[in-house]
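Novice: Sending over a structure as structure tokens; questions will come in a sec.
The values are calculated or read from the model by the stated rules, or taken from the named source; none is laboratory data. Just so you know, these numbers come straight off a predicted model, no measurement behind them. Reconstructed Cβ throughout: ideal geometry from the backbone, glycine too, with neighbour counts over all protein chains shown.
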């Protein structure tokens, strides 16, 4: 061979395939007709492309290194001098697509993941539960066992592409003869056809079925938590592996308790007299009846904390706390006897009349006292 392909690409004779590809990509960007349209650059572009065609193919490179004609078998470069290039290989070198898959694509493919919603109540979310759910997904066809072909028949090699899954065509261009590949229109790139599809699945290898699954809901889940069931999603076409099923939890609102992370909150109304004297009450919690102690003199807004009575911690141990918010209720309707008793109590506590801004309030730093100080401060 008179042409030194290694010199054309500017690489050594022991250059690696990656070095050869890198060198060609650099030269191709410089010499491409879209960048340099003059005939001299076009001719050199064809030469470096031919060099890459040889050195990127292990068999052709070995033949070239041994002094043989790497295009002698295919009739590409020889007599007419017009090379036949695989356009896909050239584009791979330009854009780094060397990993592009060639040949027929498999009929069996992984199925799609499925997502369903599951409504549960707060108690089930806190303590966990087990639920049966019904799902409609694609399952393996029992009639053809996923092959897609009717009983007594089978898939056949495509007569158009001879099982390659693609067809090639050669076109003339300024590069010479350019070979392009595209998926076979008869088999859609599979390389095989199904002359007699299964009557149950129409050749897809799967059918829609309804089935019941038992799902374990762990303690501590909340709205938005997703539970993954591996392999319980849709079966892929033509016997492909099953995908995953995801259960998205939605926790219904509770009439008494409100959740915040692993904490539970509730409001308990306490009569004015019970708040003043102190008492105890029974709270119907998620754990059952609980005693709540209310100390004497309790004010509205105070909180009683019940340790370890909140929600379970997901993927961890222990539980949060339950916070009981106390709201003191002032009576709005009094009968004469009750009103008389309250007036007597007010007299005893010297609370029958109150004057805002009196000396006692100012001395204790009341609201009006602080406003007065703010306006008179220098």
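Novice: Looking for whichever is in contact with a strand residue (DSSP E or B) (Cβ under 9 Å, 6 or more places away or on another chain) and at pLDDT below 90 here; the options are 117, 105. Which one fits?
Specialist: Just one listed residue meets the conditions, 105.
Novice: Could you list, in sequence order, all residues of region 262-300 that are within 40 Å of the chain's Cα centre (by Cα) and either outside the structural domain of residue 316 (by TED's automatic domain parsing) or free of Cβ contacts under 8 Å to residues at least 12 places away in the same chain (or both)?
Specialist: 288
Novice: Within region 296-329, track down each residue that is assigned to a loop (DSSP other than H, G, I, E, B), closer than 20 Å to residue 275 by Cβ and touching a strand residue (DSSP E or B) at 6+ places or on another chain (Cβ under 9 Å).
Specialist: Within region 296-329, 296, 298, 299, 300, 301, 302 meet the criteria.
Novice: Looking at (1) within 32 Å of the chain's Cα centre (by Cα); (2) part of a loop (DSSP other than H, G, I, E, B), which one does residue 116 not meet, given that it meets all the others?
Specialist: Residue 116 satisfies every listed condition except (2).
Novice: Moving on to the next point. Does any residue of region 185-193 turn out to be outside any loop (DSSP other than H, G, I, E, B) and on the phi > 0 side of the Ramachandran plot?
Specialist: no
Novice: With 212, 180 as the choices, which residue is surrounded by fewer than 12 Cβ atoms within 10 Å (Cβ to Cβ) and either touching a residue at least 12 places away in the same chain (Cβ under 8 Å) or in a loop (DSSP other than H, G, I, E, B) (or both)?
Specialist: Only one candidate qualifies: 212.
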